[in-house]
1. Which one of His38, Met67, Pro26 is farthest out on the positive end of the charge dipole of the chain, using unit charges on Cβ (Lys, Arg +1; Asp, Glu -1) and the Cα centre as origin?
2. For the chain, what is the charge dipole size about the Cα centre, in debye to the nearest 20, if Lys and Arg each add +1 at the Cβ and Asp and Glu each add -1 at the Cβ?
3. Among residues other than Thr72 whose Cβ falls under 15 Å from its Cβ, what is the net charge (Lys/Arg +1, Asp/Glu -1)?
4. Using DSSP to call loops (not H, G, I, E or B), can you name the GluC sites (Glu not before Pro) in the chain whose Cβ has at most 12 other Cβ atoms within 10 angstrom?
5. What nm value, rounded to one decimal, do you get for the distance between Thr2 and Leu25 when each label is placed 7 Å out toward the C-beta?
Amino acid sequence: MTYIYVTFKTTNDALNYEEILKNTLPFWLVPVPRELTHNCGIAARYKDIDQTEVENLIKQYDVNYDMIHKITK
């Protein structure tokens, strides 16, 4: 299973991301796995989706984020 995590510098950025993108591709706000970052403790997690789709969505809606991480479990 592949997960895409979008991390944020602030909690406010994470909440804005959720509000702006809630009606697009399905995602969940989850605690950030500690191996990814020590910034804001919230990440948007996408399941079984191509990273390029997430990147395009972020560009289209011009939302603030820190990094995009791909994890396969």
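1. Checking the options against the dipole of the chain, the answer is His38.
2. On the way: 8 positive and 10 negative charges, 49 e Å.
Computed about the Cα centre, the dipole is about 240 debye.
3. Details: positive: Arg45, Lys47, Lys70, Lys73; negative: Glu35, Asp48, Asp50.
So the surrounding residues net to +1.
4. On the way: sites: Glu18, Glu19, Glu35, Glu53, Glu55; in loops: Glu35.
Within the chain, the qualifying GluC sites (Glu not before Pro) (loop, at most 12 other Cβ atoms within 10 Å) are Glu35.
5. 1.0 nm
Throughout, read-outs are computed from the coordinates displayed, never taken from laboratory work. Because the structure is a prediction, the values reported are computed rather than measured. Note that we place each Cβ from the backbone using ideal geometry, even for glycine, and neighbour counts take in every protein chain shown.
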